[in-house]
1. Give me the percent of DSSP beta bridges within the chain that run antiparallel, rounded to the nearest 5.
2. Could you size up the charge dipole of the stretch 218-264 around its Cα centre, putting +1 on the beta carbon of Lys and Arg and -1 on that of Asp and Glu, and report it in debye to the nearest 20?
3. What is the stretch 52-194's relative contact order, in percent, from Cα pairs under 8 angstrom and six or more apart in sequence?
4. Choose one of A197, G163, A215: the residue whose Cα lies farthest towards the positive end of the charge dipole of the stretch 132-239 (beta-carbon charges +1 Lys, Arg; -1 Asp, Glu; about the Cα centre).
5. Give me Rg/Rg_expected for the stretch 294-349, where Rg uses Cα atoms only and Rg_expected = 2.2 N^0.38 Å with N residues.
6. Name the trypsin sites (Lys or Arg not before Pro) in the stretch 172-240 that are in a loop by DSSP and that have at most 14 other C-beta atoms within 10 Å, would you?
7. For the stretch 162-303, what is the largest minus smallest coordinate of the Cα atoms on each principal axis, given in angstrom and ordered from greatest to least?
8. Of the cross-linked pairs K13/K369; K251/K350; K192/K350; K248/K369, which ones have a Cα-Cα span greater than 27 Å in the structure shown?
Amino acid sequence: MNTYLQRCRSVLKQAITKIAVIGNESCDLDSAVSSIALAFHLQHIPTLLSTWYTKDSTAVVPVLNVTRAELPLKTEVTFFIKRNGIALDDLICRDEIDWTGEQKALNIILVDHHVTNLEQSVIGIVDHRPIESSARFNANAFKTIELVGSCATLVGREIFNQGASAEFPEGYIVAMDLLYGAIVLDTVNFSKQADKAKPLDYEIAAKIETYRNIAEENRLTHREQLFQSLVQARSNVSELNAYQLLLKDLKIISQNNRIVSVPGFPMAVQDYIQLPDQMEHLFRFATNTGSNVVILLGLKVLPDGSVRRDVGIVPVDDEKLAEQIVTALQACKEMNFELEELPTSDVKGKFFQQHNLKASRKQLMPIVKSVLSTLE
């Protein structure tokens, strides 16, 4: 795996055809490891790539959808990648690719998302979220879009479908371990309460456990220990201030001349708003991102493994838009967020306890986009 990643960096400036496998802009663990594992697999077994791949003249490279400067904010990503023996310097970040200059010689595979402004270059998609109404697909691209708990599950299935695990070369051990960690974390360790895991998540996790010779009687303990280490790494924000926390797991929606930022926290929003100078940091963040509204999403994992979710909707300079978003969330019939408004004193915005723990940012984003689509 390390030899492969080092080779990817070395070919960046070479005039050969490149295929970039890139996750979504939050660059969470699922996105990061899905891009690394799928790129590694397609370089070694390029069956899916068909005519886009020519032996010895095509490089399939993973790209983390984050700038090099912001990579340290992704604490669970850096922790788990280093734990699996990968040097961060060997990875390629978004700002290290010439996306426009290389366009003719650069094809793109999207993992953990399916919308991009470079859609004409997209030759493949692997995603686990509902299809957005604005999505436009290259008719020739391969597409795997299924509602499962983790995108890593779909990548894992693709790998297993392409050959017997006993025949995989050595680097696949690291690829499988990376995918396994993302599946465990994204499904909240197969929590019934969170209800994120689907049958395929269970199936692929079990296949990886068999591939890695983890005895059946040890699997539950192994998953729990791995989950706790990843949650601890994700929650380790002791070195981050309130501004950096806003960047740690961020998605931005831009439509009809409005911008809504949706940062997610590994902590409760109610804890976040108690941090020193948080409102100053929040409005500096809003200025730098051009946000009209900021939606804060909190996810707190308690010691017993149960989770708590809460939401804050902060109008920066558009009170009406913030109210429209609140109304849409409360009125949504497809997914009832079960929001209970919380009292606030000197903090601008509306804050809610979210009692439906199954509703996440995946369900919230289409609602916000729908609101933005109605604006003139």
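The values are calculated or read from the model by the stated rules, or taken from the named source; none is laboratory data. Bear in mind that the values here come from a model prediction, so they are computed numbers and not experimental data. So basically every Cβ, Gly included, is an ideal-geometry build from the backbone, and we count neighbours across all protein chains shown. When the accessible area is computed, the model is the full protein with side chains, heavy atoms only, and any ligands, DNA or RNA have been set aside. Shrake-Rupley method; radii C 1.70, N 1.55, O 1.52, S 1.80 Å.
1. On the way: 24 of 48 bridges.
Looking only at bridges with both residues in the chain, the antiparallel portion is about 50 percent.
2. Working: 6 positive and 3 negative charges, 37 e Å.
Dipole size: approximately 180 debye.
3. Values: 146 pairs, mean separation 22.6, N = 143.
Rounded, it is 16 percent for the stretch 52-194.
4. Towards the positive end, the residue furthest out is A197.
5. On the way: Rg = 13.1 Å, N = 56, 2.2 N^0.38 = 10.2 Å.
This ratio for the stretch 294-349 stands at 1.29.
6. Filter output for the stretch 172-240: K192, R212.
7. For the stretch 162-303, the Cα spread along each principal axis is 54, 36, 28 Å.
8. Details: K13/K369 38 Å; K251/K350 20 Å; K192/K350 29 Å; K248/K369 22 Å.
Where the Cα-Cα span goes over 27 Å, the pairs concerned are K13/K369; K192/K350.
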